[in-house]
Amino acid sequence: MGAQLINGKDIAQSIRKELKEKVSQLEARGKKPGLAVVLVGDDPASAVYVRQKKRACKEIGIYSEEHHLPEDISQDELLTLVDRLNKDPNIHGILVQLPLPEGLDETEVIDAIDPRKDVDGFHPINVGRLHIGEKGFVPCTPAGIIELVRRLEVPISGKKVVVVGRSNIVGKPTAALFLRENATVTICHSRTKDVFEECRQADILVAAVGKPHMVKKEWVKPGAIVIDVGINRIDGRLVGDVDFDEVKEVAGAITPVPGGVGPMTIAMLMKATVAAVE
């Protein structure tokens, strides 16, 4: 039978189309969304992300600025730039590409971003809002995960969701968003006893640990929705945390890597930038 393939590329494309229309409506009212991306140093993966973000901005009609800073920039200089962007009326969203080079204090930089411009959803105020159920920006990858599941038109309420991984960027906010949708949520991590048993009970399984092919066929309840957030390189090939070829035989629906969650992350960033104007 085989699982339904959840095509993140196509879904992200339709979100970008919706946003393009929204942006032209905003422009007609004299408001053009602006996004500033700050890239420190020469991390190749980060550079790829920044290019993709720039391309998406161009396609949708968002004004974008890239600030590429040398690796040896001081904390004060970086904070000065953030402060300047906070005050810039043409910039509605600020994104500092993580990870930052060694010697820079990531927490202090995130805390310095105006929460109303924190389109990445990492500022403690937005993290707090997410957990108490208030409106605010949420991290883009978790927002993309929820959107992928929603577009399957399967009710989330009352479902058992298992999130493997407890990072601040993916695991925890994904769990919080599913809770908001009235799912029953379990978070598994490196200290969880019988991760396999927990995963077997999931109606929706989210793998976000960064271990290639960790989730095997026998971990998955037949018919479950499997969302693979992992991006791992094996012999120059991108693979997920889920053993796709095995798991697609039992799952009801599954995201591929690449082409699943990845494109959604950038689409949700664009969505947040447009929302920041409104």
### Task
Convert each backbone phi in the stretch 193-210 into a coupling constant with the Karplus relation 6.51 cos²θ - 1.76 cosθ + 1.60 (shift: θ = phi - 60°), then list the ³J(HN,Hα) values in order as whole Hz, x for Gly and Pro.
7, 6, 3, 4, 5, 5, 4, 4, 8, 6, 7, 10, 10, 10, 9, 9, 10, x
### Query
Check Leu238: other-chain or 5+ apart residues with amide H under 5 Å from its amide H, H built from backbone geometry?
none
### Task
Using only the alpha-carbon atoms of the stretch 30-114, report the extent along each of the three principal axes, biggest first, to the nearest angstrom.
40, 28, 17
### Query
Picking from Pro222, Val242, Val170, whose Cα lies most toward the positive end of the charge dipole for the stretch 148-255 (charges on Cβ: Lys, Arg +1; Asp, Glu -1)?
Val170
### Query
If you put +1 on each Lys and Arg Cβ and -1 on each Asp and Glu Cβ, how big is the dipole of the stretch 30-114 around its Cα centre, in Debye rounded to 20?
880 debye
### Dipole magnitude of the stretch 139-262, debye to nearest 20 (Cβ charges: Lys/Arg +1, Asp/Glu -1, about Cα centre)
340 debye
### Message
With only alpha-carbon pairs counted, each pair once and no self-pairs, how large is the Kirkwood hydrodynamic radius of the chain in angstroms?
### Response
19.4 Å
### P(r) tail fraction, the stretch 131-278 - alpha-carbon pairs more than 27 Å apart, %
16 percent
### Message
Give me the dipole magnitude in Debye, nearest 20, for the chain about the Cα centre, with unit charges on the beta carbon: positive for Lys and Arg, negative for Asp and Glu.
### Response
1120 debye
### Task
List every residue whose amide H lies under 5 Å from the amide H of Val38, counting only residues 5 or more places away in sequence or on a different chain, with H placed 1.01 Å from N in the peptide plane.
His67, Leu95, Val96, Gln97
### Task
Determine ³J(HN,Hα), in whole Hz, for all residues of the stretch 106-111 in sequence, where each value follows from phi through the Karplus function 6.51 cos²θ - 1.76 cosθ + 1.60 and θ = phi - 60°; x replaces Gly and Pro.
4, 4, 5, 5, 4, 5
### Query
What's the Kirkwood radius of the stretch 227-267 in Å, using all Cα pairs?
10.7 Å
### Query
Which distance in Å, rounded to a whole number, links the C-alpha centroids of the stretch 166-209 and the stretch 56-116?
30 Å
### Message
At a 10 Å Cβ-Cβ cut-off, how would you order Leu85, Leu26, Leu35, fewest neighbours first?
### Response
Leu26, Leu85, Leu35
### Query
Which ordering of Thr255, Thr141 is given by a fewest-first count of other beta-carbon atoms within 10 Å?
Thr141, Thr255
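Laboratory data are not the source of any read-out in this text; all were calculated from the coordinates shown. Just so we're clear, the structure is a prediction, and the values are computed from it rather than from any experiment. With ideal geometry, Cβ positions are generated from the backbone for all residues, glycine too; neighbour counts draw on all protein chains shown.
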